[in-house]
Amino acid sequence: MRIVYTTLLFAHVLGVVVWVGGMFVLHFAVRPSAARLQEAPVRLTFLSSALGRFMSWAALAIVVVLASGVAMILVSGGFRNAHLSVHLMLAVGLVMMALYLHIRFAPFKRMRAAVMVADWTAAGANLDLVRKMVLINLVLGFVTIAIAIPAAAWAAVRFAPALRMTAAAPVAVAPAGALAAIAAQQRVQRRDHV
């Protein structure tokens, strides 16, 4: 169970790094650098291409983040046993995914179409919408990380005794399933004392 959860966690964190890190690089490095290009056709064509490549990687990362997140919840005792922070991360993550879909299939799609027909005014206006929405999604990504880190630390400290391996019954669960681990540990202790 421990290797399964660890593998899922690795995939989850990797997906978050690709998605949130990619938004950070695009917003704070690529876009400002591209803005120095004087000709709108060169700048907007480049940004359309760069964003297109990122959107493909982000789509893959989103699938990995969602699948691994739900799988970690399930192997840790299910949604019922999940800490409040897990529910908050899932809620914010779903909002981020919806915003990604909106960006990809509304302003980004219009931007690409405008670049194809050399309508630089429309392309620029839609790029500005993409920029604003990516910034919102980036902030939501930071909020999700801010929820995850203290919650994981709290659960690791709070439930450390219940997460120990015992000779009678190995208990290896994630912080999200810590309540189930405590219950299992208490059953083992009662059985051993009888």
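Once you have the Kirkwood Rh of the stretch 40-84 from its Cα pairs, apply Stokes-Einstein at 37 °C and 0.692 mPa s and quote D in µm²/s.
On the way: Rh = 12.9 Å.
My calculation gives 254 µm²/s for D.
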Q) How much length, in nm to one decimal, is gained on full extension between ARG2 and ILE149, taken as 0.36 nm per residue of separation minus their Cα-Cα distance? A) 51.0 nm
Q. Once fully extended, how much extra length lies between VAL95 and VAL30, figured as 0.36 nm per residue of separation less the alpha-carbon to alpha-carbon distance?
A. 20.9 nm
Q. Which of the trypsin sites (Lys or Arg not before Pro) found in the stretch 35-133 are loop residues per DSSP with 10 or fewer other Cβ atoms within 10 Å of their Cβ?
A. ARG36
Q | Rough spin-label spacing in nm, given labels placed 7 Å along Cα→Cβ, for LEU84 and SER49 | A | 5.0
Q | Equivalent ellipsoid dimensions for the stretch 1-117 as semi-axes, Å, which come from the Cα gyration tensor, largest first | A | 35, 14, 11
Q: Please report the Cα spread of the stretch 91-143 along all three principal axes, rounded to whole Å, starting with the longest.
A: 38, 15, 9
Q: Would you calculate the volume per residue, in Å³, of the smallest convex hull containing every Cα atom of the stretch 13-53?
A: 45
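The numbers here are math on the coordinates, done by the rules we state, and not lab data. On a predicted model such as this, the values are computed, not experimentally measured, just so you know. Heads up, the Cβs are rebuilt from the backbone with ideal geometry, glycines too, and the neighbour counts pull from every protein chain shown.
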